[in-house]
Amino acid sequence: MRFTDKVVIVTGAASGIGLATAKRFGSEGAHVVIADLNPAKAEAAAQEVKAAGAPDAWGSACDVSKEDQVIATVAGAMQKFGRLDVVVNNAGLMVFKPITDQTADDWNRILSVDLLGAFFFTKQAFLNMKPGGAIVNISSIHAEETSPLVASYAAAKAALVSLTRSSALEGKPKGLRINVILPGAIDTPMLWDNPNIKSGVEKINPADVGKPEDIAAAIAYLASDDAAFVQGAALRVDGGRLDQL
Ligand code: NAP
């Protein structure tokens, strides 16, 4: 029980990796805030997280790309639970288009959710966390290697690794640790909705598909005191997929 009495915000926690992560923190004693777009889904996830053993869970409707909604979620967590120990910046989305068809709106949408959302939560975490706090960002192997049609996503995920580095430098004097995970292919709706996978442009060996719980376990490690000396690290969790020629 590494997170007894701690308060953890997980963004995009109504589905996939975020939901598994919220359950993992709850099962280790944390009070969990589910920050997700849809209020009904956020509340349903909070009930699921409590049923899985969390002492308490709160669903907060939050579009991470809107700074006022991020401020409201963090303020709500502080008001309800009195502290903030961990933020997991997990909410993310992709757009699939050739570069010649992409618009400024496409890029702004992806960058505002996948990158700015993490910046907004990092800023609020820095303003509210006490020493000992931790942030875990969820990037992607697309930060290092990619496929066609996802230029904005790959750029946002690479920039999130860079934000992690900058945040780690500025967080260290505050006693805060910031690290990033680069998941490989994980069995969630986002993976199977991916047109590159459906069309075969991106091929996946079933042995290289991980479970949301595999990422949740790595997130919990980086957020815990077990990782007390891990700062600014980028951890690839892909079952070794990128190692193969
Ligand atoms: P998922 O099942 O699609 O879950 C993403 C969640 O984020 C959904 O509940 C979604 O809500 C929510 N969300 C989307 N936009 C949001 C916003 N603006 N504000 C708040 N919440 C928002 O995806 P996943 O596969 O678990 O992915 C989680 C993270 O892992 C993402 O950052 C993704 O890039 C990363 N990742 C996933 C894989 C993979 O293979 N699955 C691989 C590498 C990295 P709605 O459903 O209502 O839109």
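The values are calculated or read from the model by the stated rules, or taken from the named source; none is laboratory data. For clarity, every value in this text was computed on a predicted model and none was experimentally measured. No Cβ is skipped: glycine too gets one built from the backbone with ideal geometry, and neighbour counts run over all protein chains shown. Ligands, DNA and RNA are stripped out before the accessible areas are found, and what is left, the full protein with its side chains, is counted by its heavy atoms. Shrake-Rupley method; radii C 1.70, N 1.55, O 1.52, S 1.80 Å.
On the basis of being out of contact with any Phe, Trp or Tyr (no Cβ under 9 Å at 6 or more places or on another chain) and over 24 Å from V237 (Cβ atoms), does K130 make the cut? Step through it out loud before you land on a result.
Working: out of contact with any Phe, Trp or Tyr (no Cβ under 9 Å at 6 or more places or on another chain): yes; over 24 Å from V237 (Cβ atoms): yes.
Yes, satisfied.
I'd like to know if region 67-75 contains one or more residues that are within 9 Å of the ligand (Cβ to nearest atom) and surrounded by fewer than 24 Cβ atoms within 10 Å (Cβ to Cβ).
yes
Filter region 219-245 down to the residues that are free of Cβ contacts under 8 Å to residues at least 40 places away in the same chain, farther than 19 Å from V88 by Cα and assigned to a helix (DSSP H, G or I) and list them by number. Spell out the reasoning first.
Within region 219-245, the first condition is being free of Cβ contacts under 8 Å to residues at least 40 places away in the same chain, and the residues that meet it are 221, 229, 240, 243-245.
With the extra rule that they be farther than 19 Å from V88 by Cα, the set shrinks to 240, 243-245.
Correct list: D243 only.
Out of curiosity, is V87 more than 10 Å from the ligand (Cβ to nearest atom), surrounded by 14 or more Cβ atoms within 10 Å (Cβ to Cβ) and under 14 Å from the mean Cα position of the chain (by Cα)? Talk me through it step by step, then tell me what you get.
Values: more than 10 Å from the ligand (Cβ to nearest atom): yes; surrounded by 14 or more Cβ atoms within 10 Å (Cβ to Cβ): yes; under 14 Å from the mean Cα position of the chain (by Cα): yes.
Yes.
Scan D193, D243, D238 and give me the residue that is farther than 28 Å from A104 by Cα, within 13 Å of the ligand (Cβ to nearest atom) and not hydrophobic (A, V, I, L, M, F, W, C). Break it down stepwise before answering.
Numbers: D193 fails: farther than 28 Å from A104 by Cα; D243 fails: within 13 Å of the ligand (Cβ to nearest atom).
Criteria check complete, one pass: D238.
Test V7 against the criterion of being more than 23 Å from V150 (Cα to Cα), among the hydrophobic types (A, V, I, L, M, F, W, C) and either touching a residue at least 24 places away in the same chain (Cβ under 8 Å) or within 15 Å of the ligand (Cβ to nearest atom) (or both), and give yes or no.
Numbers: more than 23 Å from V150 (Cα to Cα): yes; among the hydrophobic types (A, V, I, L, M, F, W, C): yes; either touching a residue at least 24 places away in the same chain (Cβ under 8 Å) or within 15 Å of the ligand (Cβ to nearest atom) (or both): yes.
Yes, satisfied.
Tell me which helices (runs of 4 or more DSSP H) are completely within region 130-216 and hold 3 or more residues being open to solvent by less than 40 Å² (accessible area, probe 1.4 Å), or say none if there are none.
Values: elements: 151-171, 189-192, 195-199.
In region 130-216, the matching helices (runs of 4 or more DSSP H) lie at 151-171.
Name every residue in region 74-121 that is part of a helix (DSSP H, G or I) and among the hydroxyl-bearing types (S, T, Y), in order of residue number.
We begin by selecting, within region 74-121, every residue part of a helix (DSSP H, G or I); these are 74-81, 99-101, 104-121.
Listed by number, the residues that qualify are T100, S112.
Looking only at region 52-73, count every residue that is assigned to a helix (DSSP H, G or I) and either within 30 Å of W192 (Cα to Cα) or touching a residue at least 40 places away in the same chain (Cβ under 8 Å) (or both) and tell me the total. Give the steps one after another, and end with the answer.
Step one: filter region 52-73 for residues assigned to a helix (DSSP H, G or I), giving 67-73.
If we keep only those that are either within 30 Å of W192 (Cα to Cα) or touching a residue at least 40 places away in the same chain (Cβ under 8 Å) (or both) as well, we get 67, 69-71, 73.
Qualifying residue count for the region: 5.
Just to be sure I understand, how many residues within region 16-65 are more than 8 Å from the ligand (Cβ to nearest atom) and open to solvent by 30 Å² or more (accessible area, probe 1.4 Å)?
18
Can you say whether F119 is within 12 Å of S167 (Cβ to Cβ) and more than 16 Å from the ligand (Cβ to nearest atom), as far as the supplied structure shows?
No: the conditions fail for F119.
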